[in-house]
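Here the structure is laid out as structure tokens; the discussion comes afterwards.
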Amino acid sequence: MGPSMQMSDLRQGLQPEEAGNDMYRMISELYPLCRSLTGDGVRRTLASVARVVPLDMHEVPSGTQVFDWTIPNEWNVRDAWVKDRQGRRVIDFQVSNLHLLSYSVPIHRRVTLTELKEHLFTLPDRPDWIPYRTSYYTDNWGFCLSQRQMEALEDDEYEVCIDATLEPGHLTYGECYLPGQTQDEVLLTTHICHPSLANDNLSGISLLAWLGARLSGLSLRYSYRLLFIPGTLGSITWLARNEAATARIKHGIVLSGVGDPGPLTYKRSRQGAADIDRCVAYVLGAAGDDHAIIDFTPYGYDERQFCSPGFDLPVGRLGRTPHGEYPEYHTSADDLEFVRPQALGDSLAKLLDVLAVVEDNRRFRNLKPMCEPQLGRRGLYRAIGATIDHQSVELGFLWMLNLSDGDHSVLDIARRSGLSFEMLVRAADLLLTHGLLEEVGDKAA
Ligand code: ZN
């Protein structure tokens with residue numbers, strides 16, 4: 001008997017509903033923290049994640065050059081407010097951290113309403129929502145508020161205070177490496193830089209944390225690298241510090257916006273037909289739920305950096321409703337009511353199914369390619385047992401033997417034959433143990 005391959009059922013025993021509730025609880029805990037590109041909100045968030053999955057913390061000093069970018073000063077806020085002449089806080093960071101323009105420079109002075117308005121941001125067509133705005137690379141200060149709140153401001157003098165520090169410090173990110181049977185890696189990332197926004201940011205953080213907790217207990221073929229990084233600059237920083245290691249990345253997914261009730265959406269890698277693109281398309285198609293597959297564009301989340309032409313890694317992006325296509329995006333309405341435990345659980349279950357296909361999508365070579373080997377004589381049909389549909393397993397044997405030329409993967413054979421991936425893996429396993437197939441390594445990239 002030859003070697004056997006164990007079918008990877010990464011979802012085994014998962015209760016999506018329960019997992020969704022766990023993820024939702026983490027989102028609720030982390031929701032009040034004031035995260036940004038840098039600072040203590042990010043550190044506290046990562047400390048929470050580290051209670052679920054083992055995490056290495058990295059601190060990269062301000063001023064460090066990463067490709068064409070420079071790590072900026074670190075930003076931390078104690079308090080921020082605008083008071084009227086009676087000393088009442090008419091805009092208050094303590095009520096919502098979205099009220100403060102992220103990376104506002106410290107300031108404390110009196111201003112007229114006209115001057116104040118030059119530093120206010122609202123959403124006129126969503127008059128009750130607070131927008132989320134940043135000013136990472138331009139020195140500025142400002143407040144975000146609802147249109148109604150702004151309209152209520154009287155023509156008077158106001159006291160503005162932003163009690164913050166913007167000083168040399170660090171950019172912080174978290175990394176979890178789970179070694180597998182090979183050094184080939186699957187890269188999974190999410191951004192960690194948004195303040196009180198539930199779907200855009202916290203859903204990805206909690207999904208990746210719980211995914212890591214599950215993977216860390218399993219014996220896997222690939223090594224897994226999980227990155228919790230500030231958007232854009234975090235991926236640029238990681239790539240700058242790990243350029244050589246990127247050769248080991250065989251598959252990757254950026255996770256973002258995985259908790260809203262919309263259907264799952266997968267954005268292909270720049271390569272367009274990388275194994276990961278085909279694995280995700282297969283799993284979402286086979287599941288039969290509403291979903292969308294969209295082509296790569298150089299706009300979006302950290303896939304922009306992983307798919308920049310100098311790297312061109314096989315990294316796609318998985319989320320539910322794409323950013324910018326739901327009105328709550330980057331506003332105070334992306335809150336704890338907008339994300340659903342059920343959607344989080346479904347995202348985790350489907351992602352585990354994708355990774356199971358990635359794990360099992362091997363290539364084989366037929367060791368008896370001159371005419372069909374005589375299957376009955378080898379007891380292959382007996383090995384199937386009585387409970388399974390014999391005819392389709394027999395078809396599985398024939399397809400696996402015919403197309404296993406070292407070039408076609410199991411997924412290629414599934415797509416061409418119309419047989420299920422799981423069925424073909426089972427057929428491959430039996431052919432392998434009967435010495436009719438041998439596994440071949442990954443094709444050179
Ligand atoms: Zn965002």
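The values are calculated or read from the model by the stated rules, or taken from the named source; none is laboratory data. Please read these numbers as outputs of a predicted model, since none were measured by experiment. Note that we place each Cβ from the backbone using ideal geometry, even for glycine, and neighbour counts take in every protein chain shown. When the accessible area is computed, the model is the full protein with side chains, heavy atoms only, and any ligands, DNA or RNA have been set aside. Shrake-Rupley method; radii C 1.70, N 1.55, O 1.52, S 1.80 Å.
Do we have any residue at all in the stretch 162-180 that's open to solvent by 40 Å² or more (accessible area, probe 1.4 Å), more than 30 Å from Thr122 (Cβ to Cβ) and β-branched (Val, Ile, Thr)?
No: the stretch 162-180 contains no residue that is open to solvent by 40 Å² or more (accessible area, probe 1.4 Å), more than 30 Å from Thr122 (Cβ to Cβ) and β-branched (Val, Ile, Thr).
Could you check the stretch 301-327 and list, in sequence order, the residues that are closer than 28 Å to Phe67 by Cα, of a type in the set (Asp, Glu) and within 16 Å of the ligand (Cβ to nearest atom)?
Asp302, Glu303
Within the stretch 154-194, count every residue that is assigned to a loop (DSSP other than H, G, I, E, B) and in contact with a His (Cβ under 7 Å, 6 or more places away or on another chain).
The qualifying residues number 0.
Can you tell me which residues in the stretch 101-118 are within 21 Å of Pro32 (Cα to Cα) and either more than 16 Å from the ligand (Cβ to nearest atom) or open to solvent by 90 Å² or more (accessible area, probe 1.4 Å) (or both)?
Passing the criteria: only Ser104.
Matching residues to (1) at negative phi; (2) modelled with pLDDT of 95 or more:
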{"site": "Ser4", "(1), (2)": "yes, no"}
{"site": "Met7", "(1), (2)": "yes, no"}
{"site": "Asp22", "(1), (2)": "yes, yes"}
{"site": "Ile27", "(1), (2)": "yes, yes"}
{"site": "Gly39", "(1), (2)": "no, yes"}
{"site": "His58", "(1), (2)": "yes, yes"}
{"site": "Ser62", "(1), (2)": "yes, yes"}
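Do you know which residues across the stretch 328-363 are open to solvent by 10 Å² or more (accessible area, probe 1.4 Å) and within 14 Å of the ligand (Cβ to nearest atom)?
Glu328, Tyr329, His330, Ser332, Ala333, Phe338
Could you go through the stretch 301-324 and let me know if any residue there is loosely packed, with under 13 Cβ neighbours inside 10 Å, assigned by TED's automatic domain parsing to the domain that holds Leu344 and among the polar types (S, T, N, Q).
No, that holds for no residue.
Kindly provide the set of residues from the stretch 390-439 that are hydrophobic (A, V, I, L, M, F, W, C), more than 32 Å from the chain's Cα centre (by Cα) and open to solvent by less than 20 Å² (accessible area, probe 1.4 Å), ordered by number.
Within the stretch 390-439, Val393, Phe397, Met400, Leu401, Leu403, Ala427, Leu431, Leu432, Leu436, Leu437 qualify.
If we keep just the residues of the stretch 219-247 that are open to solvent by 10 Å² or more (accessible area, probe 1.4 Å) and in contact with a Ser or Thr (Cβ under 8 Å, 6 or more places away or on another chain), which is farthest from the ligand (Cβ to nearest atom)?
My answer is Arg221.
Could you check how many residues of the stretch 288-300 are open to solvent by 80 Å² or more (accessible area, probe 1.4 Å) and either within 15 Å of the ligand (Cβ to nearest atom) or out of contact with any Leu (no Cβ under 9 Å at 6 or more places or on another chain) (or both)?
3
Looking at (1) free of Cβ contacts under 8 Å to residues at least 40 places away in the same chain; (2) more than 16 Å from Gly300 (Cβ to Cβ); (3) touching a strand residue (DSSP E or B) at 6+ places or on another chain (Cβ under 8 Å), which is the one condition that is false for Trp238?
Among (1) free of Cβ contacts under 8 Å to residues at least 40 places away in the same chain; (2) more than 16 Å from Gly300 (Cβ to Cβ); (3) touching a strand residue (DSSP E or B) at 6+ places or on another chain (Cβ under 8 Å), the lone unmet condition for Trp238 is (1).
Kindly indicate whether any position in the stretch 394-406 is within 20 Å of Arg221 (Cβ to Cβ) and at pLDDT 95 or above. Full working, then the answer.
If we filter the stretch 394-406 for residues that are within 20 Å of Arg221 (Cβ to Cβ), which is where we start, we get 400, 404, 406.
Of the ones still in play, those that are also at pLDDT 95 or above are 400, 404.
Taking every residue of the stretch 394-406 in turn, at least one turns out to be within 20 Å of Arg221 (Cβ to Cβ) and at pLDDT 95 or above.
Show me the strands (runs of 3 or more DSSP E) entirely contained within the stretch 1-109 in which 1 or more residues are in the same structural domain as Asp156 (by TED's automatic domain parsing).
74-83, 89-92
In the stretch 195-214, is there at least one residue being assigned to a loop (DSSP other than H, G, I, E, B), closer than 30 Å to Leu98 by Cα and either more than 16 Å from the ligand (Cβ to nearest atom) or under 16 Å from the mean Cα position of the chain (by Cα) (or both)?
If we filter the stretch 195-214 for residues that are assigned to a loop (DSSP other than H, G, I, E, B), which is where we start, we get 195-197.
When the remaining residues are screened for being closer than 30 Å to Leu98 by Cα, the result is 195-197.
Within this subset, residues satisfying the condition of being either more than 16 Å from the ligand (Cβ to nearest atom) or under 16 Å from the mean Cα position of the chain (by Cα) (or both) are 197.
The answer is yes; a qualifying residue exists.
Consider Phe121 carefully, then state whether it is farther than 30 Å from Leu348 by Cα and crowded, with 24+ Cβ neighbours inside 10 Å.
The answer is no for Phe121.
Hey, among the residues in the stretch 380-389 that are open to solvent by less than 60 Å² (accessible area, probe 1.4 Å) and of a type in the set (Gly, Ala, Ser), which one's modelled with the highest pLDDT?
This residue is Ala383.
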